[in-house]
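Coordinate-derived values only; no laboratory data. Computed from a prediction, not measured in an experiment: that's the story for all the values here. Glycine also receives a Cβ, built like all others from the backbone with ideal geometry; neighbour counts cover every protein chain displayed.
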Amino acid sequence: MYFKAVSERNVASYFPSISAVLDNVRLNGSPEECALADYHGGRLFLACGDYIKAKALLQSALRFFPNLLSARIQYTNAFLLSGDIKHGLELLVNLQKEYPNQKEIQELMCVYASENGVYDVALQCSRRLSASVEQGDINSSMISLWCSRFSSAEHSRLLAQVIKLLKTMQQEVPLELYCNYATATEDADALQALIDNELGGNVLEKDSLSAQHIPLLYNLALLLEKNGKDEPRAKKIHMHIIKHHGCFVPSYIRLHELARRRGSMKESVSWLTLLSQVMSDEPIARSYLGNLLLEEQEVLLSTKLLRGCSENSALTAILSCASAYFELSQIPSQNGESYLKKSKQMFQYALRRDSSNILAAHGLACCLGVEQNFEVCQLLLKHINEVIPNADFVRQSHSAHMANIKTISETFKGAVDYAEKEEKQTPELECMLAFCLSVENQYDKAIEICERVAKENPNEPMFSYNLVLLLLAAFNHGLCGHSPLSMADGEKV
């Protein structure tokens, strides 16, 4: 009866009948049967969401059957679900040590690690679970698939695996899985074909759009935006979504970003203004406008707008505000320290609300770097590197940040590795790379870099000054008989 209730997702309807049977066992059964009744009662209350009663009954069952594995797993789950993470995790780790290959324990560890931002553990558990899953075990496959979402390659592989499994079992493959696979593999044509099949052709000419189909169109627009594949069509899709669902915030933000990318500042601002008019209590528009004003050096206006965001705002708005305060802290002023403190507090608050938020971890790492708390900063950056962030600026700046930290902590070889790996090379980063190379006695390469940077930036005297310092260092090194610079080169310097 219990399994039927759970499979039908209708535990509440069966609750009175199951409880009556268990109460009868407790009245007339042996101590062993009463303990088993407590175990089943604990499972029942856990399924109903009453974690306090579930824990009490499961604990009672475990006093009589201390090695009953299913009861230990349910007891652990009750702690995790009730928010007692510390105790629940302790129980879970002990279970995993005793039963490293037990499926339910792996599933619990997968879900816990994924929801709490322990990405490396989540991916490891996901791989183990997918490797050991029995043929036809859709539930475990879906858990493994969900936990692999932080790795695009792994997620694509498992999506294909689950789709194949469902087909093998002659079960219908949900449209969602096909669409997710097309999105994960960045196949815009395949996603377009699925949408046409589901909604019919000429979707943008339809007079209505169901809310359940918004994610399909939105993901298609994102794929069309990527690498500038078809930005005009992406814009039309976002406008079509807004036309039928005016409160769908992400499409306003994408239209703002597309206009900004084209250099159309007026249109960029107009989309944010429209969002703030449609949803007057929406803080995201305010935070984006604040950032935009900040980029245009309108510091006072930006600060005034951003002060309207509070801890009760949406997480995206808090992160945007924290980012803007960080930018403000980097502008020389008497308020720089207070802005940095405010930014750090907001990033920390965002991490408390969502411990797996990459943007919050990245922002906090930046604040800690400015405060010269390099050890914790480096740990956060390593944590970020466990996944491939969706945010371009996090992904693109990660290597540069790690190079900075390695340089400051005088791990120059590591700094060189990260600086050379950075795709977006700036003059400042190249000069830092040259400095690290010179410390590693690679003067030829360092001088070549600095000469090129100075030549490409003739109006920046600092780069020429860096070149002079590097040449002098190379000449001084040469006095010991190791330098590529001759005496004549030294006189020229």
Using θ = phi - 60° and the Karplus form 6.51 cos²θ - 1.76 cosθ + 1.60, what ³J(HN,Hα) does each residue of segment 86-93 get, whole Hz, x for Gly and Pro? 4, 5, x, 5, 4, 5, 5, 4
Protection proxy (average C-beta count within 10 Å per residue), highest first, orders 43-56, 263-276 as 43-56, 263-276
Gain on full stretching of the segment that runs from Arg63 to Glu371 - 0.36 nm per residue minus C-alpha separation: 105.7 nm
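Please give the net charge around Leu57, taking every other residue with its beta carbon less than 15 angstrom from that of Leu57, where Lys and Arg add +1 and Asp and Glu add -1. Write down the numbers at each step before the final one.
Details: positive: Arg26, Arg43, Lys53, Lys55, Arg63, Arg72; negative: Asp23, Glu33, Asp38, Asp50.
Here the charged neighbours net out to +2.
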Return the sequence-ordered ³J(HN,Hα) values of segment 258-273 in whole Hz as given by the Karplus equation 6.51 cos²θ - 1.76 cosθ + 1.60 applied to θ = phi - 60°, using x for Gly and Pro. 5, 5, 5, 5, 7, x, 8, 5, 4, 5, 4, 5, 5, 5, 5, 5
Mind giving me the nanometre distance, one decimal, between the label points for Leu199 and Ala56, set 7 Å out from Cα along Cα→Cβ? 5.2 nm
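Give the average over all directions of the projected area of the C-alpha convex hull of segment 132-203, one decimal, in nm².
Values: hull surface 20.7 nm².
It is 5.2 nm².
Loop-only GluC sites (Glu not before Pro) in segment 167-218, please: DSSP not H, G, I, E or B, and at most 15 other Cβ atoms within 10 Å. Working shown, then result.
Values: sites: Glu172, Glu176, Glu186, Glu198, Glu205; in loops: Glu172, Glu186.
Hits after loop and neighbour filter: Glu172, Glu186.
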Two-site label geometry, Lys266 and His87: point separation in nm, points 7 Å out along Cα→Cβ: 6.4 nm
Residues with beta-carbon under 11 Å from that of Leu223, excluding Leu223: net charge, scoring Lys, Arg +1 and Asp, Glu -1? -2
Convert each backbone phi in segment 66-77 into a coupling constant with the Karplus relation 6.51 cos²θ - 1.76 cosθ + 1.60 (shift: θ = phi - 60°), then list the ³J(HN,Hα) values in order as whole Hz, x for Gly and Pro. x, 9, 6, 4, 4, 5, 5, 5, 5, 5, 4, 4
